[in-house]
Amino acid sequence: MFFKPKPARDDFPIRRSEAEWRAALDPLAFRVLREHATERAGTSPLNREKRPGLYRCAGCGAPLFDAAAKFDSGTGWPSFTAPVQGRVGEREDNSLFMRRTEVHCADCGGHLGHVFPDGPPPTGLRYCINGAALAFEPAA
Ligand SMILES: [Zn+2]
């Protein structure tokens, strides 16, 4: 009987060295995506973005959230009820003495934010995402 080992923390389809990521990303996006920083609330222009379109990973371009799933949570971070199916991974995060669920790009492992069980319908989930981790592509 064979068991496929669970992927290691950094075993993602898109892998780059820290130096490569640092060169490819602007400083804030690097801090968020690769070092799990959180941008200051209310600072992302994407908080006010209301156009239809697609939110892509600022690291690798993977499609992560459809604008149709965006809602105004009042938290100061772009918030969504659901990701594009299969494009966002989750893992438990026990830092800061809290149990939270961290979410990341399933393709490059870039840290996006957290998901909380206090969102609106239809899912009841609130994906609280750093705008610096996203690149918005308005619908044509
Ligand atoms: Zn990515």
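Cysteines of the chain lacking any other cysteine beta carbon under 4.7 Å?
CYS128
Per the Kirkwood treatment, what hydrodynamic radius in Å, one decimal, follows for the chain from the mean inverse distance over all distinct Cα pairs?
15.4
State the extension gain, in nm to one decimal, for the chain segment bounded by ALA140 and GLU90, taking 0.36 nm per residue of separation less the distance between their alpha-carbons.
Full extension from ALA140 to GLU90 adds 15.0 nm.
Hey, what did the stretch 11-89 get for relative contact order, percent, Cα under 8 Å, at least 6 apart?
About 23 percent, as a whole number.
Could you give the nm distance between label points at ARG100 and HIS36, where each point is 7 Å from its Cα heading toward the beta carbon?
Distance between label points: 1.0 nm.
A short reminder: the numbers here are calculations on the coordinates, not readings from a lab. Keep in mind it's a predicted model, so treat the numbers as computed, not measured. No Cβ is skipped: glycine too gets one built from the backbone with ideal geometry, and neighbour counts run over all protein chains shown.
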